[in-house]
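Before any comments, here is the structure.
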Amino acid sequence: MRKTRSLALAVATTTLLAACATPPATGPMSFFITSVGSGKGADFGGLAGADAHCQKLATAAGAGGRTWRAYLSVPGTFPSATAPGVASINARDRIGAGPWFNAKGSLIARDVAHLHNGNLISKDTALDEKGGVVKGRGDTPNEHDVLTGSRADGTAFAPQTDTTCKAWTSSTEGSAIVGHHDRIGPLPENWATSWNFSHQSAGCSQEALVRTGGSGRLYCFASN
């Protein structure tokens, strides 16, 4: 009898822990694609400006009580004779631990590992902060390019490699890595179906981003 009770208690404890570890199927908005860009191409005034853009849109949508971060990376710099090196900033390290839900409460990813391997991002789920669907490949205009400056695992590129339009401060020189929120491209290759690492933009201006297949949008995540 004692062994039976101990076994039952162990099973109940395991079940409770599993339930606590499993995120709910729905939740308050903690992820969105921005409904608008900066208006200046990839120039957001740096990471702080990009975060502020996410925070402003989230606040307007009634979700300003959380801390919002733009999913953007920035390569570091090598040390020189006159200046110390600067460490890279990885998008995956800026956005909290999850889970994340879209504007309609649907689960996007359980945690950082799930976000970068097996997430539920698609055209139907990667909504803007108002709950609207973002136009993708096959729509007019196509706006499936979302700025990330990141590799597939959410990390920055090698130091002093400009994949971020000069750390998100340029609307002229440079280019930026983008992902496809609809997971669709002209070829059935991994890069074409990647949400965060598809290709480089044609440039950093608004016109160049539009010409590539985007409009200067960002992914925003609640970090708390």
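We did not get these values from a lab; they are worked out from the coordinates using the rules stated. All values derive from a computational prediction rather than experimental measurement. Cβ sites come from the backbone with ideal geometry, for glycine too, and all protein chains shown count toward neighbours.
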With unit charges on the beta carbons (Lys and Arg positive, Asp and Glu negative) and the dipole taken about the Cα centre of the chain, which residue among Gly105, Ser73, His53 sits farthest to the positive side? Gly105
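Looking at the stretch 173-224 from every direction and averaging, what is the projected area of its Cα convex hull in nm²? Please report the intermediate quantities before stating the final value.
Values: hull surface 16.9 nm².
For the stretch 173-224, averaging the hull's shadow over all directions gives 4.2 nm².
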In degrees, nearest ten, helix 2-21 long axis to first principal axis of the chain (Cα): 20 degrees
Got a sec? Charge dipole of the chain, +1 on Cβ for Lys and Arg, -1 for Asp and Glu; which of Ser175, Ser38, Ile95 is way out at the positive end? Ile95
With the convex hull built on the Cα atoms of the chain, state its orientation-averaged projected area in nm². 16.1 nm²
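With +1 on each Lys and Arg Cβ and -1 on each Asp and Glu Cβ, and nothing else charged, work out how big the dipole of the stretch 92-194 is about its Cα centre, in Debye to the nearest 20.
Working: 11 positive and 13 negative charges, 43 e Å.
Roughly 200 debye, rounded to the nearest 20.
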In order over the stretch 137-146: 3J(HN,Hα) from phi, Karplus 6.51/-1.76/1.60, θ = phi - 60°, whole Hz, x for each Gly or Pro, gives 4, x, 9, 10, x, 6, 10, 7, 6, 10
Tell me, what HN-Hα J-couplings in whole Hz come from the Karplus equation 6.51 cos²θ - 1.76 cosθ + 1.60 at θ = phi - 60° for each residue of the stretch 74-85, using x for Gly and Pro? 9, x, x, 10, 7, x, 10, 5, 10, 8, x, x
On a 0 to 90 degree scale, rounded to 10, what angle separates helix 46-60 from the longest Cα axis of the chain? 60 degrees
Per-residue counts of other Cβ atoms within 10 Å, averaged by peptide: what ranking do you get for 27-38, 58-69, highest first? 27-38, 58-69
What fraction of the DSSP beta bridges in the chain is antiparallel, stated in percent and rounded to the nearest 5? 80 percent
Under 5 Å between amide H atoms, partner at least 5 residues away or on a different chain: which partners does Phe31 have, H built in plane at 1.01 Å? Phe101, Ala222
Sorted by Cβ density within 10 Å, fewest first, the residues Leu57, Leu218, Leu187: Leu187, Leu57, Leu218
Shape verdict for the stretch 45-107, please, from the Cα gyration tensor: rounded (a/c under 1.5), prolate (a/b greater than b/c) or oblate. prolate
Work out from phi, with θ = phi - 60° and the Karplus expression 6.51 cos²θ - 1.76 cosθ + 1.60, the ³J(HN,Hα) of each residue of the stretch 210-224, listed in order in whole Hz, and give x for Gly and Pro. 5, 4, 6, x, x, 8, x, 7, 10, 8, 10, 10, 6, 8, 9
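Quote the charge dipole size of the stretch 23-222 about the Cα centre in Debye, to the nearest 20; the model charges only the Cβ of Lys and Arg (+1) and of Asp and Glu (-1).
Values: 17 positive and 16 negative charges, 69 e Å.
Rounded to the nearest 20 debye, it is 340 debye.
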Could you check how many percent of all C-alpha pairs in the stretch 97-223 are farther apart than 27 Å? 14 percent
